[in-house]
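Remarks on the structure that follows.
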Amino acid sequence: MCKMERPNFVWINTHDVSADSIGCYGNTYATTPHIDKFAKSGIRYTNAYACGPICSPARSSIFTAMHQTTIGTHHHRSFTIRPNFIKLLTHYLGNAGYRSSPINTDINTPIDLAEWKQYLDNDVLLEDKENERPFFAVYSFKESHASTYKMTPQQVRKERASLLGPEELHDPNTAPIPSFIPATPLARERTALFFDALTQVDYHVGKVLSKLDECDLSNNTIVFFWTDHGTGYPRGKTHVYDDGLRVPLIIRFPKTFQHLAPDVPGTVIDNLTMTMDMGPSLLSMAGVPIPDHFQGKSFLGPEKIQARDFVYGARDRLDNCNEMIRTVRDRRYRYIRNFLPHRPYASFYPDGGFFKDIPSKGTPEHTFWDTSCLPGEQKIHDPDGIFLMPIPKPYSKYLIWKDSKPFEELYDLNKDPEAIKNLALNPKFQAITKKMREALFSWMIKTRDLGLFDETELIVRSTKYDGVSYEVGIHCQNLERVLETADLSRLGEEGRSSLIEHLNDPDSAIRYWAVTGLMSFDIDNDTINKLSYLVNDESLSVSLAAGDALCRSSRPENSTVAFIRALESDILWARCRAGANLSYYDRETLSKMKMLIPYLKAALKNPSCYGNNDPALDTLIPPNQVFFSEERDRHVGGWILKRVIRRIKLA
């Protein structure tokens, strides 16, 4: 394919919008005329899924065509060092003669500084009539971000919906509310505000399409519209249900390149697709060889392959919330494996739970309760439902509001599209549950799922490979056994006995999962004694897990050495985990932790993130410099450590 025969590509994307939130996907409340019109002239995919329900891991997968769990970008804002052979999509396009604009920068891995300097502004790409080289332009919008749900009408009008006239604002009284969210006036108000913000995104989409027309580029440009993951209401973003993973994907092919289209304009395709497949598909249409290491699969162009049988997803740490959830979906069923079932679904779980009345403002009780949430103005970033408290008691039947999770979830999405009725323990569905579990576990092993290593453990092991997390998975000789241990808690008393035996295993990853698995059971005195010994384990991950288990078993006095060791570490994520674990404990437990305050204060001043593998800030592109410093100082420092200090003092 010669240069003049190659298409331009435009990617239009926005934050936090599920497929079901858009008009052309069946939402009659939404006002998205430009996107709807665009869909009529393009191909609309109804079974497109993100690889994860959090922005940075999802985008890292899109721009590397690799599972975030394979390359180590699965934790939010983790600044993972990639192996040299794993490049960003723009690298392959650049080598093939394409010009590019800046891609999304919040992708948990550095963008090469030299490559960044070659990026051009979108207007330059579109308006340069003299340059015959094709281009790849990325337009990213953010008004639809989940934080809209925590904003006031005045804030949204000013910051997220300023282009809308009064007659375009959505009526809260008719706002659609999922059955698992209480349909209160506040919930309806915030939902209406989200749809106002989405309409503003639609304005931007229309403007980009008009710009292509004005520059006489529509006839040789293939345009994609997609979102990073699902909508930001409770149980959408950050969760591995369809609410959090099923996204809009619409692609318009001009007449010039109709031969690359899978069908005629206006066609709807229901093949299972992942957003990580967009990069390989784009290279295929550009005539660029698809690298062998890509895990994304081309669904377009000459290198198109057979449609997927399954799509996969992963949820790991978000800010203070340590998590590991994996999911697989076929055309009918979604299976979910919660590897940390003892933890609540919510990232910031309020003291006393979601159904307790909020203490009266101005009282000591309210002051302490308030510290269980994000501090001050940062509450806007809470992805859960604290802003809707207290949740009415009838909603306690929905898993999302509980303080723990089942080991497994299975949903028949043909009959239960909201994924409300968990069938995992239903005897009639045991064969399907087993089939889906085996498909998920096989994928985890095949893709060398790095979530099987605790975050601090992964960083420590990666030092052997110059900080490259990917190599840890590739060189692990017993990953199957690590997964088997992580799955033992699901097996009841038989699994509990095996977990106790594994507490003395020579492999620290096995010991970590042995301790973690035991947190799903009542822990007897003999096991308490074993855990008390493990707070001194050479592995910080095992030590902290043992400390956490002791605190959950009302033995905090035995745990402090684990927290001190982590808080003194030069690994930011060990300090983060220590503070995060402390932030979940109740007042009685925290009242016995005052000796940790000096260590928490010292941790605030520790500038190190990865010890000897810390990057020099001047080697990072400017946005990554901000992310790096912000994660250390604002998220770990302000959202976690300072908040924990306050909670302990109040306790």
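The values are calculated or read from the model by the stated rules, or taken from the named source; none is laboratory data. Note that the structure is predicted; figures quoted are calculated from it, not measured. When we count neighbours, we look across all protein chains shown, and the Cβ atoms used for this are built from the backbone with ideal geometry, even at glycine.
Couple of notes before you dig in:
- Filtered residues of the range 506-527 (kept if charged (D, E, K, R) and either closer than 19 Å to K405 by Cβ or touching a residue at least 12 places away in the same chain (Cβ under 8 Å) (or both)): D507, R511, D522
- Checked against the criteria, G52 does not count as over 26 Å from R308 (Cβ atoms), in a loop (DSSP other than H, G, I, E, B) and either touching a His at 6+ places or on another chain (Cβ under 6 Å) or modelled with pLDDT of 95 or more (or both).
- Qualifying residues in the range 130-141 (those that are touching a residue at least 60 places away in the same chain (Cβ under 8 Å) and surrounded by fewer than 17 Cβ atoms within 10 Å (Cβ to Cβ)) - the one farthest from T227 (Cα to Cα): E132
- Any pair with Cβ under 9 angstrom, 6 or more apart, that starts in the range 153-164 at a residue that is more than 12 Å from E143 (Cα to Cα) and ends at one that is assigned to a loop (DSSP other than H, G, I, E, B) and aliphatic (A, V, I, L, M): P153/L169
- Selected residue [closer than 25 Å to I107 by Cα and charged (D, E, K, R)] from R634, R555, R565: R634
- Residues that are closer than 11 Å to L126 by Cα and in contact with a helix residue (DSSP H, G or I) (Cβ under 7 Å, 6 or more places away or on another chain) were ranked within the range 204-222; the one that is surrounded by the fewest Cβ atoms within 10 Å (Cβ to Cβ) is C215.
- For the range 459-498, residues that are in contact with a Ser or Thr (Cβ under 9 Å, 6 or more places away or on another chain) and either among the polar types (S, T, N, Q) or in a loop (DSSP other than H, G, I, E, B) (or both) total 6.
- Residue in the range 41-57 that is over 30 Å from E455 (Cα atoms), charged (D, E, K, R) and crowded, with 23+ Cβ neighbours inside 10 Å present: yes
- A residue that is crowded, with 20+ Cβ neighbours inside 10 Å and over 30 Å from P172 (Cα atoms) occurs somewhere in the range 11-26.
- Verdict on I251 being out of contact with any helix residue (DSSP H, G or I) (no Cβ under 8 Å at 6 or more places or on another chain), of a type outside the set (S, T, Y), in contact (Cβ under 8 Å) with a residue 24 or more places away in the chain and outside any helix (DSSP H, G or I): yes
- Within the range 583-594, residues that are without any contact (Cβ under 8 Å) to a residue 60 or more places away in the chain reach partners that are among the β-branched types (V, I, T) with beta carbons closer than 9 Å, at six or more positions or on different chains, in the pairs K592/T560; M593/T560; M593/V644; M593/I648; K594/I648.
- The residues of the range 430-468 that are of a type outside the set (A, V, I, L, M), more than 29 Å from R334 (Cα to Cα) and under 24 Å from the mean Cα position of the chain (by Cα), listed by number, are T456, E457, R461, S462, G467.
- Once the range 266-298 is narrowed to residues that are surrounded by fewer than 19 Cβ atoms within 10 Å (Cβ to Cβ) and without any contact (Cβ under 8 Å) to a residue 40 or more places away in the chain, the residue that is farthest from the chain's Cα centre (by Cα) is P289.
- Unmet criterion (only one of (1) within 27 Å of the chain's Cα centre (by Cα); (2) outside any helix (DSSP H, G or I); (3) farther than 23 Å from P57 by Cα) for P262: (1)
- Consider the range 565-589 and keep the residues that are surrounded by 20 or more Cβ atoms within 10 Å (Cβ to Cβ) and among the basic types (K, R). The one that is farthest from L544 (Cα to Cα) is R575.
- Residue in the range 424-457 that is nearest to Y512 (Cα to Cα), counting only those that are crowded, with 17+ Cβ neighbours inside 10 Å and among the basic types (K, R): R448
- Any chance P406 is within 22 Å of the chain's Cα centre (by Cα), part of a loop (DSSP other than H, G, I, E, B) and either surrounded by 13 or more Cβ atoms within 10 Å (Cβ to Cβ) or at pLDDT below 95 (or both): yes
- Long-range neighbours under 7 Å by Cβ, at least six apart or interchain, first residue closer than 22 Å to D106 by Cβ and touching a residue at least 24 places away in the same chain (Cβ under 8 Å) within the range 601-625, second assigned to a helix (DSSP H, G or I) and not aliphatic (A, V, I, L, M): C609/R632; N613/T463; L620/F628; I621/W116
- Among the candidates G385, G376, the residue that is surrounded by fewer than 16 Cβ atoms within 10 Å (Cβ to Cβ) and closer than 23 Å to K142 by Cβ is uniquely G376.
- Screening T221 against (1) within 30 Å of I391 (Cα to Cα); (2) of a type in the set (V, I, T); (3) over 18 Å from the mean Cα position of the chain (by Cα) leaves a single unmet condition, (1).
- Enumeration of residues in the range 151-163 that are surrounded by 19 or more Cβ atoms within 10 Å (Cβ to Cβ), at pLDDT 95 or above and hydrophobic (A, V, I, L, M, F, W, C): V156, A161
- Within the range 65-118, tally of residues that are modelled with pLDDT under 95 and among the aromatic types (F, W, Y): 2
- Of all residues in the range 83-105, none satisfies being closer than 26 Å to V636 by Cβ, more than 15 Å from the chain's Cα centre (by Cα) and either buried (at least 24 other Cβ atoms within 10 Å of the Cβ) or of a type in the set (K, R) (or both).
- Matching residues in the range 340-351 - criterion: being over 20 Å from W639 (Cβ atoms) and in contact with a Lys or Arg (Cβ under 7 Å, 6 or more places away or on another chain): P341
- Verdict on S541 being in contact with a Pro (Cβ under 9 Å, 6 or more places away or on another chain), closer than 21 Å to P344 by Cα and in contact (Cβ under 8 Å) with a residue 24 or more places away in the chain: no
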